[in-house]
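A.B. asks: Here's a structure for you.
The values are calculated or read from the model by the stated rules, or taken from the named source; none is laboratory data. Here the structure is a predicted model, which is why all the values come from computation and not from measurement. No Cβ is skipped: glycine too gets one built from the backbone with ideal geometry, and neighbour counts run over all protein chains shown. Areas reflect the complete protein model, heavy atoms only, side chains present, ligands, DNA and RNA absent. Shrake-Rupley method; radii C 1.70, N 1.55, O 1.52, S 1.80 Å.
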Amino acid sequence: MTDSMQPGHPQPGDVPTENLRTDHMRRHETDHDIPWSLPIVVRRSKTAIARHVDVLEATSRAVVTFLDDPRSQPGGEWNEAVEYWRDGAIRKVVRRGDGKKLEDARALGCVSVTFGGTDDFAPAEALVFAPGPVEPLPTELKKLQVGGTEFPDEGESSVSAVEAVVTIELSPALTLTTGKAAAQCGHAAQLAFEQMPDDVRNRWRESEFSLRVITASRESWAANDQQISVVDAGFTEVDGPTETVRARW
């Protein structure tokens with residue numbers, strides 16, 4: 001599932017004066033001539049399927065774990081690629097894999113987060129790789145499918161409001177596939193990580209990036225009081241610039 005945020009928003013900390021929202025933090029974005037993306041792979045096993053919500057939460061945790069990893073920080077082996085990617089649209093591409101193909105991709109080097117699971121469903125696993133141009137891709141990633149990233153929508157988050165440092169809210173007006181929703185939630189988690197106060201970020205880090213994903217009620221969405229807003233560029237699944245998810249801490 002290919003996904004990108006809408007470009008043209010104000011810098012963190014500025015007060016937006018146009019577009020869909022006027023009081024929430026976004027990033028200014030211009031894209032590169034050759035778009036770069038953050039590759040994400042979610043495990044999709046026929047014999048041990050994960051829940052939709054667990055995939056969204058595992059992906060969101062994996063994105064911020066990747067950004068916080070020493071390899072992504074100054075001096076780290078991924079830092080130059082991360083900074084170049086962050087200077088453009090924070091595009092993410094979610095693929096699915098299992099078995100040998102997944103393990104071949106894992107050998108490229110990545111951050112992996114496994115989370116969730118119930119008596120009836122397996123934990124979700126999300127792998128985040130160093131960003132790079134959308135083409136050409138490493139062969140190990142290109143072999144993995146972008147389509148078919150749908151998971152059973154069975155039950156709500158297992159993370160309570162008390163446990164979650166960050167809550168990500170899906171728009172109640174949209175129905176997104178798991179791959180699309182995972183990319184959107186990953187955007188929201190990234191923006192929260194980049195823009196929250198240092199003390200909150202430290203607390204989030206200490207909690208191992210505890211978060212929960214919920215579908216907002218229409219009343220909550222109308223109240224419009226979350227700190228982060230994600231406006232999708234409208235390349236896939238939604239038409240035109242569309243607010244898809246919000247986040248708060």
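A.B. asks: Report relative contact order for segment 167-249 in percent, whole number only (criteria: Cα-Cα under 8 Å, sequence separation at least 6). Write out the running numbers ahead of the final one.
C.D. replies: Working: 106 pairs, mean separation 39.6, N = 83.
Answer for segment 167-249 is 48 percent.
A.B. asks: Sticking with this one: Using alpha-carbon pairs under 8 Å, 6+ residues apart, how would you state the relative contact order of the chain in percent?
C.D. replies: This gives 28 percent for the chain.
A.B. asks: Follow-up. At 0.36 nm per residue, minus the direct Cα-Cα distance, what do Asp87 and Ser160 gain on full extension? Give it in nm, one decimal, please.
C.D. replies: Details: separation 73, 0.36 × 73 = 26.28 nm, distance 3.43 nm.
Residue separation times 0.36 nm, minus the Cα-Cα distance, leaves 22.8 nm.
A.B. asks: Count the lysine pairs in the chain whose Cα atoms lie under 19 Å apart, taking only pairs 8 or more positions apart in sequence or on different chains.
C.D. replies: 11
A.B. asks: Nearest 0.05, what FRET efficiency do Thr30 and Thr118 give at R0 = 41 Å with Cβ-Cβ as r? Can you show the working numbers first?
C.D. replies: On the way: r = 42 Å, r/R0 = 1.03.
After rounding, the FRET efficiency stands at 0.45.
A.B. asks: For the peptides 150-160, 120-130, what is the packing order when you average, over each peptide's residues, the other Cβ atoms within 10 Å and list the highest mean first?
C.D. replies: Working: 150-160: 15.3, 120-130: 22.2.
Per-residue mean Cβ counts within 10 Å order the peptides as 120-130, 150-160.
A.B. asks: Now a separate question. Percent of accessible area on segment 153-208 owned by carbon and sulfur, 1.4 Å probe?
C.D. replies: Working: 1050 of 2380 Å².
Using a 1.4 Å probe with all protein chains present, segment 153-208 comes out at 44 percent carbon and sulfur.
A.B. asks: Same structure again: Could you work out what % of the accessible surface of segment 74-149 is carbon and sulfur, using a 1.4 angstrom probe and leaving DNA, RNA and ligands out of the count? Before the final figure, lay out each step's value.
C.D. replies: Numbers: 1810 of 3740 Å².
Heavy-atom surface of segment 74-149 belonging to carbon and sulfur, 1.4 Å probe: 48 percent.
A.B. asks: Working out 0.36 nm times the residue gap between Asn202 and Ser220, then minus their Cα-Cα distance, what length gain in nm do you get to one decimal? Intermediate values should be presented prior to the final figure.
C.D. replies: Values: separation 18, 0.36 × 18 = 6.48 nm, distance 2.72 nm.
That works out to 3.8 nm of additional length.
A.B. asks: With charges set only on the Cβ (+1 for Lys and Arg, -1 for Asp and Glu), what does the dipole of the chain come to about its Cα centre, in debye to the nearest 20?
C.D. replies: Working: 27 positive and 40 negative charges, 109 e Å.
It works out to roughly 520 debye.
A.B. asks: Just order 210-216, 54-60, 69-75, 238-244 by mean Cβ neighbour count inside 10 Å, highest at the front, would you?
C.D. replies: On the way: 210-216: 21.1, 54-60: 30.3, 69-75: 13.0, 238-244: 16.4.
Those peptides, ordered most packed to least, come out 54-60, 210-216, 238-244, 69-75.
A.B. asks: Over the chain, with the other protein chains present, what is the accessible area per residue in square angstrom, probe 1.4 angstrom? Kindly include the intermediate steps, with their values, before the conclusion.
C.D. replies: Working: 11090 Å² over 249 residues.
Counting only protein heavy atoms, the per-residue value for the chain is 45 Å².
A.B. asks: Rounded to the nearest 0.05, what FRET efficiency do Asp68 and Gln145 give with R0 = 35 Å and r taken as the Cβ-Cβ distance? Could you check? Walk me through the intermediate numbers first.
C.D. replies: On the way: r = 28 Å, r/R0 = 0.81.
Once rounded, the FRET efficiency stands at 0.80.
A.B. asks: Taking percent of Cα pairs over 32 Å apart straight from the coordinates, which label in [x] 41; [y] 13; [z] 20 is the correct one?
C.D. replies: So the calculated entry is the one marked [y].
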